[in-house]
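> Quick one: this structure, given as structure tokens, is what I'll be asking you about.
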Amino acid sequence: MSYVVFLAALARIRVAPTDAESAKQRSFTADLREGIRYTATHPAIAALLVLLIALGIGGRPLNELLPGFAADVFHSGAGGLSILASAIGGGAILGGLWLGHRAHSSGLTWVALGGSLTGALAAIAAVATEHMWVAVPAVVVLGFCMSTAGIAIQTIIQLASDRSMRGRVMGLYGLIFRGAPAIGALGAGLASAHFGLRWPVFFGALLVVAVCLWTYRGRARIALALPSADLDAAASSDEMPGRKRAISPQP
């Protein structure tokens, strides 16, 4: 039923007509290959999708292993599980509200990087303790950071995509958004059966940290690939005099 509100809002949106580019009818596979090629060669979109994969695979294990932590680590049973799950959900809601009140899109790369890194550290803190009162604030921070990072990544990808490619890019985004957590959940479950509950979360968080550092090193290249200087201020400290408005690469 919650979708009714969004469907009603969507029905009221009016897109200004534009002169459609003349294009030949191509096969599905040709369009798919072109979309993948565009996504893989776009410096900003490709880097952020790699970060999204890391968040899905490395940031997901704690969510899937919460029942085990509640039972075997914190010895709190179903009540403890409900508190931990609610804490993550509450943090995610707070993150969405915080990011939703922003009136501009500047600095979103920093939000994505900062949220991903802080969330990974929060996950490590949550599994490094045996005390419930320490884990609950940590998972609140985890939920907040994962929510803000995910929203920031999605927003940047949408704004940075060429209009003719946006549908295909967001299709790949959706595939990663749904597929990476599923792979992470499967891997976490298998690993926890052999190495215990804590190690899958720890190594997943290390994966996120490593990808964050890799993305941070390419922040100037990412900023230059974004459609305007207002979209991202990631490379403002490295900005050279006379830098002109960046133009996203053509497919």
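> Which of the numbered conditions does Leu32 fail, given that it passes all the others? Conditions: (1) within 25 Å of Gly174 (Cα to Cα); (2) crowded, with 20+ Cβ neighbours inside 10 Å.
(2)
> Another question about this same structure. Taking helices (runs of 4 or more DSSP H) that do not extend beyond segment 1-82, which have at least 1 residues that are touching a residue at least 40 places away in the same chain (Cβ under 8 Å) and of a type outside the set (A, V, I, L, M, F, W, C)?
28-41, 43-58, 61-68
> Could you please let me know if Ile151 is out of contact with any Phe, Trp or Tyr (no Cβ under 6 Å at 6 or more places or on another chain) and open to solvent by less than 40 Å² (accessible area, probe 1.4 Å)?
Here the answer is no, as Ile151 does not meet what is asked.
> Also: If I ask for residues that are under 11 Å from the mean Cα position of the chain (by Cα) and hydrophobic (A, V, I, L, M, F, W, C), which ones from segment 131-177 would you list?
Result: Cys145, Met146, Ala149, Ile151, Ala152, Ile153, Ile156, Ile157, Ile176, Phe177.
> Looking at segment 156-168, is at least one residue more than 28 Å from Ala220 (Cβ to Cβ), assigned to a helix (DSSP H, G or I) and open to solvent by less than 40 Å² (accessible area, probe 1.4 Å)?
No: segment 156-168 contains no residue that is more than 28 Å from Ala220 (Cβ to Cβ), assigned to a helix (DSSP H, G or I) and open to solvent by less than 40 Å² (accessible area, probe 1.4 Å).
> Hey, another quick one. Quick one: in segment 89-105, of everything that is of a type outside the set (A, V, I, L, M, F, W, C), closer than 28 Å to Arg217 by Cβ and open to solvent by 40 Å² or more (accessible area, probe 1.4 Å), which residue is modelled with the lowest pLDDT?
If we take residues in segment 89-105 being of a type outside the set (A, V, I, L, M, F, W, C), closer than 28 Å to Arg217 by Cβ and open to solvent by 40 Å² or more (accessible area, probe 1.4 Å), then His104 is modelled with the lowest pLDDT.
> Given the criteria out of contact with any Lys or Arg (no Cβ under 6 Å at 6 or more places or on another chain), farther than 27 Å from Met165 by Cα and of a type outside the set (Ser, Thr, Tyr), does Gly59 qualify? Walk me through it before giving the result.
Working: out of contact with any Lys or Arg (no Cβ under 6 Å at 6 or more places or on another chain): yes; farther than 27 Å from Met165 by Cα: yes; of a type outside the set (Ser, Thr, Tyr): yes.
Yes: the conditions hold for Gly59.
> Let me ask something additional. Out of the residues in segment 36-84 meeting the condition of being hydroxyl-bearing (Ser, Thr, Tyr) and within 16 Å of Val136 (Cβ to Cβ), tell me which one is surrounded by the most Cβ atoms within 10 Å (Cβ to Cβ). Even if it seems obvious, please write down each step before you answer.
To start, the set of residues in segment 36-84 that are hydroxyl-bearing (Ser, Thr, Tyr) comprises 38-39, 41, 76, 82.
Checking the rest, the ones that are also within 16 Å of Val136 (Cβ to Cβ) come to 76, 82.
Working: Ser76: 16, Ser82: 13.
The qualifying residue surrounded by the most Cβ atoms within 10 Å (Cβ to Cβ) is Ser76.
The values are calculated or read from the model by the stated rules, or taken from the named source; none is laboratory data. Every value quoted in this text rests on a predicted model; they were computed, and no experiment measured them. Cβ atoms come from the backbone with ideal geometry, glycine included; neighbour counts cover every protein chain shown. Each accessible area value is taken on the protein alone, full model and side chains, heavy atoms only, with ligands, DNA and RNA left out. Shrake-Rupley method; radii C 1.70, N 1.55, O 1.52, S 1.80 Å.
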